[in-house]
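The block underneath contains the structure these notes are about, expressed in structure tokens.
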Amino acid sequence: MGYFLIGVLVVVLFIGNVIEEANGEISPTVLSKIEWMNKRGPYLGIVAPNNFELNPLLASQAYVPYPSLPFIDFAGRRFRFGKISNQRVVIVMTGLGMVNAGVATQLLVSLFRLKGVLHYGIAGNADVNLEIGDVTIPKYWAHSGLWNWQRYGDGIDDELALEAPGDYTRDIGYLQFSKYTNGSDNLLNRVWYQPEEIFPVTGTPEVREHIFWVPVDKSYLNLARQLEDTKLPQCVNTTCLPRPPKVTIVDRGVSASVFVDNAAYRTFLRSKFNATAVEMESAAVALICHQQSIPFVVIRALSDLAGGGSDMSNEADIFGSLAAQNSVDVLVKFVGLLPPYGSKIQSE
């Protein structure tokens, strides 16, 4: 009878933990692990988009997993603990798109003691003057997928729906679809780009602010300038790039939950926003870190000329793995430039 009661108790406790996790709550077991790891912080948070970019980092000799507790699983994410160079790090994979990236980053900064966040991976390229394999570190990031889609027949001088109360604006600009037709009337009219509503931890709860271009941390950016002479591999087997890839500080990157494989839109993003890196997660990471007052920087290697048109066919298929490895190599080198793990870099 005693064994039976113990068995029932175990089942009840197990079901209780499952219910807690299903409701999004932190189980006592997971919470105790988080508290135990936070006593050993602060950590440098590292955010990877997916396995394609995560696995080269995990396989790198630079990454040493924490032996006693190499990871904590929570909310469908795996938070990995270890060291890179002189830094204690916690690594998380986001998954595809802005929502996944925002959720994963918010969990990271809310659950763990962090002194900063590094985001890395590959990106499409909008600057024809750069090459596949180049690693870009943009100064600013914007979410380019928040639009007010204007009614057919309205013009650029007509007020947008809900513009008067401050929900939307025409200040940033628009994309007019009729510029990209073959002569027929285009019912799609135009979309106006919108800033994000944010709620900074330093602000008043539920009092919104707006931001479009999110700046990366200036101190991180200054450190990144030391990477511009980094030597990076040029070839995949016997197929080589026209020149060795380089690390370069660029003006802007844009993100949206849209895979851009269209040359016309790439050209528009370049001419309108002076964007270089075009991808699907970084702006979400930037927005979360900005609101939480966490220093951050983004390292994105160019895997293809978005929409095609480069001298090489199937460029992403051939050089995607090289670009992913380049982003990891630059990330590891950047981590090595940071102060010891117990200190916090001074943001400017």
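Things to note:
- Amide H contacts under 5 Å for Ser144, placed H, 5+ residues apart: Ser255, Ala256
- Annotation for segment 317-336 versus segment 89-111: alpha-carbon center distance of 20 Å.
- Cα-centre dipole for the chain with unit charges at Cβ (Lys and Arg positive, Asp and Glu negative), debye to 20: 1380 debye
- When only alpha carbons are used to place a centre, segment 29-67 and segment 141-203 end up 39 Å from one another.
- The convex hull defined by the C-alpha atoms of the chain has an orientation-averaged projected area of 22.9 nm².
- Diffusion coefficient (Stokes-Einstein, Kirkwood radius over C-alpha pairs, 20 °C, 1.002 mPa s) for segment 24-155: 127 µm²/s, rounded to a whole number.
- Gain on full stretching of the segment that runs from Val207 to Cys235 - 0.36 nm per residue minus C-alpha separation: 5.0 nm
- Positive contributions from Lys and Arg (+1) and negative ones from Asp and Glu (-1), summed over other residues with Cβ under 14 Å from the Cβ of Leu227, come out at +1.
- Local electrostatic count, Val92, Cβ distance below 10 Å [Lys/Arg +1, Asp/Glu -1]: +3
- For the chain, cysteines whose Cβ has no other cysteine Cβ within reach (under 4.7 Å): Cys289
- If R0 is taken as 56 Å, the Cβ-Cβ distance between Ser178 and Asn86 corresponds to a FRET efficiency of 0.50.
- Of the DSSP H helices in the chain, those whose Cα atoms cover at least 27 Å axially and whose Kyte score averages 1.6 or more: 2-22
- Over the residues of the chain, the helix contribution to mean residue ellipticity at 222 nm works out to -9500 deg cm²/dmol, using -39500 (n - 2.57) for each DSSP H run of at least 4.
- Coupling constants for segment 217-234 follow from the phi torsions by the Karplus curve (6.51 cos²θ - 1.76 cosθ + 1.60, θ = phi - 60°), and in residue order they are 5, 5, 5, 4, 5, 5, 4, 5, 4, 6, 8, 5, 9, 4, 7, 10, x, 10 Hz; glycine and proline get x.
Where a number appears in this text, it was derived from the coordinates with a stated rule and is not lab data. No experiment lies behind these values; they were computed from the predicted model shown. Using ideal geometry, Cβ is built from the backbone for each residue, glycine included, and neighbour counts are taken over all protein chains shown.
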